[in-house]
Structure formats: structure tokens, C-alpha cells
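A short worksheet on the structure shown next.
All of the numbers you see were taken from the coordinates with simple rules; none came from a lab. Being a predicted model, the structure only gives us computed values, none of them experimental. Here the Cβ is made from the backbone with ideal geometry for all residues, glycine too, and neighbour counts use every protein chain on show.
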Amino acid sequence: DTEVTQTPKHLVMGMTNKKSLKCEQHMGHRAMYWYKQKAKKPPELMFVYSYEKLSINESVPSRFSPECPNSSLLNLHLHALQPEDSALYLCASSPEQDRGGYGYTFGSGTRLTVV
Amino acid sequence: DQQVKQNSPSLSVQEGRISILNCDYTNSMFDYFLWYKKYPAEGPTFLISISSIKDKNEDGRFTVFLNKSAKHLSLHIVPSQPGDSAVYFCAASNAGNMLTFGGGTRLMVKP
């Protein structure tokens, strides 16, 4: 299995809702990442997990809450989002976080719309 | 301050010809460079990479060239095919394996 699976593919939520994005990989990768991509912009890093521990938080607002229940799963819990948070949320994994040169394997993303 | 830049937002090429996508970077600590291809509504797909100790890496129709002194890299696709039409992102990393992406170039290959 060489894929990163993200669910749901599309999500529409109100500003008072609570929802979660899920990401799963079975490649034995020990680093997992959340990226946010707005239209016509490059992916922007949000969080990095290394060996199931939060390694990097790129000053992301607390309305985004990551969770890594085990080495194969990565969640992103959403609460009280704003319309400007609408974007494509990408999950990625790599064999290790602390060694350069490993390409990431990306999931297909969740298209989030906040209304 | 953008550390990785792709100055051409779009490129149009005839099928069978060469596509050349360019990327510039400012951070001399970057030691790996990667190209990703992205179709609409899909995540980026890894294409090819190059270490800073090399100046060329080839994989089938794709070749990446690195000019460290100019802090410039390019992706050559020969021959270009309509299926190559996508957005191409240049990315750079250092020992921490944190990828920094360029803004992307939309390649359109016309039949």
C-alpha cells in the first residue's frame, strides 16, 4: 500500500460546527504532515508529527487541533472556523522527518468550505 | 519572503516539444530539491528530486538540472505529452526535511 488516504473528500461546515478530517497511511512512515492550500497558492505547512509526537506547529490558530492516535492515523479537528479557512487540506507522510531528501507522499486532500 | 520562487505562473507547449520549468531559491542551506505534479482536486505527486551534490538527475522523460552557484533549478520534459498538463511545484528541503514550495507553474501541452 503506497497511498495516503484522506476522508472526507469534500466537507461543508458552518462556523459553529465541529468536524474532523482524517488521514491514514500504511507505508510505515513515521512522519506525517498537514498542509493547507488556497487556490493558486503553494501548499503551506500547518503541523508536523514525528513518531506520533507533535514536532512542529506553524503558529496555526487553535481552532485547528491535530491529533495522531497511532503511527498510521492523523486527524485534524476543526471548531469555530471562519470562511477564510476554506481551502484544500492536504495530508502527507514521509519515512522520517529529520532526514532531508525524502519526498512526501500526499493524499488527495479534503476540500473544505466554511459557510 | 519567498525562499522558493517559480516566476512563470503558466507555460504552453506543443505536444512533442520540450517543456522547461524554472525555479529559483534563496536559502543556501537547502540540500534537496524536488518537483511535484498536481492535477486539479488531487494531492501533489512526487516526480523527481536532486541532491545538492549533483547537477543533473534523469528519470525517463524528466530531467532536473541544478545550478548551485545561480541557486536555480529547472525541470525538462522531453517529449511533452498532453497528459503532462498539470501544475508543477518546485520544492526544497534541508536536513530537517521541511519542504518549502514554490508558487507553481501551470503547464499546458497542446495536441
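Which entries in A:Lys53/B:Lys38; A:Lys36/B:Lys38; B:Lys38/B:Lys68; A:Lys36/B:Lys37; A:Lys40/B:Lys37; A:Lys40/B:Lys54 show an alpha-carbon gap greater than 19 Å?
A:Lys53/B:Lys38; B:Lys38/B:Lys68; A:Lys40/B:Lys54
For the stretch A:40-115 and the stretch B:16-61, what is the centre-to-centre distance using only Cα atoms, to the nearest Å?
Taking the Cα centre of the stretch B:16-61 as reference, the centre of the stretch A:40-115 is 22 Å away.
Per 10 Å bin, what percent of the C-alpha pairs of the stretch B:1-62 does each bin hold, from zero upward?
16, 46, 34, 4
Out of all Cα-Cα pairs in chain A, roughly what percent, to the nearest whole number, are more than 17 Å apart?
It works out to 51 percent of all Cα pairs.
Quick check: convex hull of the Cα atoms in the stretch B:27-88, volume per residue, rounded to a whole Å³?
Convex hull volume per residue, Cα atoms: 92 Å³.
Hey, got a sec? Which chymotrypsin sites (Phe, Trp or Tyr not before Pro) in the stretch A:20-87 land in a DSSP loop and have at most 14 other Cβ atoms within 10 Å?
A:Tyr51
Over the Cα atoms of the protein assembly as shown, Rg to Rh with Kirkwood Rh, two decimal places?
That ratio is 0.98, to two decimals.
Output the Kirkwood hydrodynamic radius of the stretch A:4-72, Cα pairs only, in Å rounded to one decimal.
13.4
Could you list which residues have their amide H under 5 Å from that of A:Glu3, counting only those 5 or more apart in sequence or on another chain, with H placed in the peptide plane?
Under 5 Å from the amide H of A:Glu3: A:His26.
Please list, in chain and number order, the residues 5+ apart from A:Met46 or on another chain whose amide H is under 5 Å from its amide H, with Hs placed from the backbone.
For A:Met46, the qualifying residues are A:Trp34, A:Tyr35, A:Lys36.
log10 I(q)/I(0), Debye, Cα-only chain B, no solvent, q = 0.13, 0.14, 0.23 Å⁻¹?
One equal scatterer on each Cα of chain B leads to -0.43, -0.50, -1.32.
Of the DSSP beta bridges with both residues in the protein assembly as shown, give the percent that are antiparallel, rounding to the nearest 5.
Close to 90 percent.
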